[in-house]
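The values are calculated or read from the model by the stated rules, or taken from the named source; none is laboratory data. All values derive from a computational prediction rather than experimental measurement. FYI the Cβ positions are ideal-geometry reconstructions off the backbone, even for glycines, and counts take in every protein chain you see.
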C-alpha cells in the first residue's frame, strides 16, 4: 500500500439486516482495517458493494458500518455504473466503475454458508462487483450447472484480482446461508494475498474443502495447489459441528456420484411466512416465480434452475429447500 493509493474496501453487504445475524461483514472488522490503512498513510478509502437487496448505504446503516464510515470520513458507494471488462478466460463482465478506478482492492468477505455454492468466502464475495441485477443474468446463463457458475466466479476474481483477502469469521453463519442461516461463533480471522488459498483454509476448518465448487474450479484451472498453501499463525483448528447448507449433499454427490440427482433440493414457499413482498419474484433470473391470488409467492419447479437466489434474498425466511419427490402437487411449489 502506498500513501497515494485509492483503496476500495469490498465487504459483504448482502442485505439490510442487523449485525447480530452475521449476514454482513462486521463493522468492528472494518474499523480495525481502516485504522491499519490510516496508520500506513493511505489517503483515500472507499467502501463499496452492490447488495442483492436494497443499496449499499441502507445496508451499511442497518448493520452499523455507516457509523464507522462517518467516524473516519469514508464514503460508502453503491455500485451503480457498469463497465464492460473482458475476463481472463474470455467472458465479458459488467463490473462497477469503482472497481476499475481503485488502485488497490481489499476483499473483506464473511465466513458463511451458501445454498448454491456451499460456502461464500473470498471468491464468491467478489460477485458483488457485478452491478445490480446483472448478477441474476449470470445465474440464467449458467443454469443448473453449478460448476459452470463457480468457474465464472473464479474468472471474475482473477480478472479483478484483489490485493488482499480477509474473511471475517469471528461470527460466521452455518445452515442455509447466506442470509437465512444461523449465526455461529467461529472466532477466526483469515488473511492472505491469494483468495483461493484463503478460501481453502476456511473450508478445511469446517471440513468442506472437498466439495466447494469454487475450490474445485480453481483447482481445475490450476490456480490452487493445496500442497503449496502455507498457514501462518497458530489459530488454525477444525471447527466441529459446523452445519453445512441442506444442498451440500448435492455438492458432494452431484460432482462425484452419478446418483446425486436424487438428492437435488428445490425451493418451496412456506405460505404462513410469505408476506408477498415480491423480492423473490424480482430477483428470480428465469422468471420461475409469480404471485398467487392471495399475493403469496408461487414457484414453478419446471422453470427453476436451483440457483436458490429466492431463498437467499427472502427477508422472511419463507423459502425452504426440499427434494422434488417430497413436493405435493404437480408443477408448482406452494406450501409445506
Check your understanding: Any residue in region 263-270 that is out of contact with any helix residue (DSSP H, G or I) (no Cβ under 9 Å at 6 or more places or on another chain) and closer than 23 Å to residue 15 by Cα?
Key -> yes
Point to revise | Members of region 280-305 that are over 24 Å from residue 17 (Cα atoms) and in contact (Cβ under 8 Å) with a residue 24 or more places away in the chain | key: 286, 292, 298, 299, 300, 301, 302, 304, 305
**Study point:** region 236-246, residues that are surrounded by 12 or more Cβ atoms within 10 Å (Cβ to Cβ) and out of contact with any helix residue (DSSP H, G or I) (no Cβ under 9 Å at 6 or more places or on another chain)
**Key:** 243, 246
**Study point:** Conditions (1) assigned to a helix (DSSP H, G or I); (2) modelled with pLDDT of 95 or more: number failed by residue 250
**Key:** (2)
Review point. Of all helices (runs of 4 or more DSSP H) completely enclosed by region 45-120, which ones contain at least 3 residues that are crowded, with 23+ Cβ neighbours inside 10 Å, under 19 Å from the mean Cα position of the chain (by Cα) and in contact (Cβ under 8 Å) with a residue 12 or more places away in the chain?
Key: 56-63
Check your understanding: In this structure, does residue 24 turn out to be over 25 Å from residue 132 (Cβ atoms), in contact with a strand residue (DSSP E or B) (Cβ under 9 Å, 6 or more places away or on another chain) and not in a strand (DSSP E or B)?
Key -> no
Revision key, fill the gap. Counting only helices (runs of 4 or more DSSP H) wholly inside region 143-227, the ones holding at least 3 residues that are farther than 20 Å from residue 247 by Cα, modelled with pLDDT of 95 or more and in contact with a strand residue (DSSP E or B) (Cβ under 8 Å, 6 or more places away or on another chain) are 146-160, 195-205
Revision key, fill the gap. Reported set for region 289-321 where residues are at positive phi and either in contact with a helix residue (DSSP H, G or I) (Cβ under 9 Å, 6 or more places away or on another chain) or surrounded by fewer than 24 Cβ atoms within 10 Å (Cβ to Cβ) (or both) is 295, 306, 317
